[in-house]
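We did not get these values from a lab; they are worked out from the coordinates using the rules stated. Keep in mind that what you see is a predicted model, and the values were worked out from it rather than measured. Backbone-built Cβ (ideal geometry, glycine too); neighbour counts: all protein chains shown.
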């Protein structure tokens, strides 16, 4: 079993739809949590950090439940430009390595 | 540019050859990481440097893989006697100390024939 597990993709949604990605992690000592976005044949880029209180950045909302070791990302009013692979990422300690999930592919259609 | 620079962008080698992949981090970033990304998978950690010190090499898959950062800036990942299973994208990332975000380079796409 991988340390970070994500919903298998791909997700195919129409423009304007709301889509939710889920992720679980197995190491309770994990300290930091992120969502990265990766476009085809490009490098991963930080989308947002995830906090226990939940956080929002425009159309994107991230949630963390430490008790159930569960992370989510909600995208509202999806755009064609949101099409990408979304990677759930945890870090066990400050300054340390990132542990990535497999990634979930999102395709937003007109 | 001001980002992480990796070279070459693409590398094709025959099985058994040695390859060297270069990473030039963002100026001033003391932390440097190497990751391996197989097709359809998320990146997997290989090794981590803080300045010139290699603090974690637990992700290196075999003793054919070797990384160095002799002057605490540019890093080289070397793979000896390449095998087909080494075919992947090799990503380099750098960051400031502590909990600062990691910035990734474009990666080197390695194909072993």
- request: Quick one: compute the contact order of chain B, relative version, from alpha carbon pairs under 8 angstrom and 6+ residues apart, as a percent.
  value: 37 percent
query: To the nearest Å, what is the center-to-center distance of the stretch B:27-92 and the stretch A:1-22, using C-alpha atoms only?
result: 29 Å
message: Cut-off 20 Å, label point 7 angstrom out along Cα-to-Cβ of residue A:92: give me the residues of the stretch A:1-18 whose amide nitrogen falls inside.
response: A:1-6
field: Of A:83, A:72, A:53, the one that fluctuates the most in a GNM where chain A has Cα springs shorter than 10 Å
entry: A:53
message: As an exercise, use a Förster radius of 41 Å and the Cβ-Cβ distance of residue B:12 and residue A:79 to find the FRET efficiency, rounded to the nearest 0.05.
response: 0.65
message: How would B:5, A:52 line up from fewest to most surrounding beta-carbon atoms within 10 angstrom?
response: A:52, B:5
- request: Highest first, please rank the peptides B:29-42, A:28-41 by the mean number of other Cβ atoms sitting within 10 Å of their residues.
  value: B:29-42, A:28-41
message: For peptide B:93-99, what's the mean number of Cβ atoms from other chains within 10 Å of each residue's Cβ?
response: 3
- prompt: With all pairs of different alpha carbon atoms counted, what Kirkwood hydrodynamic radius in Å does the protein assembly as shown show?
  reply: 18.1 Å
- prompt: Hey, rough spin-label estimate for residue A:51 and residue A:15, points 7 angstrom out along Cα→Cβ, what's it come to in nanometres?
  reply: 3.4 nm
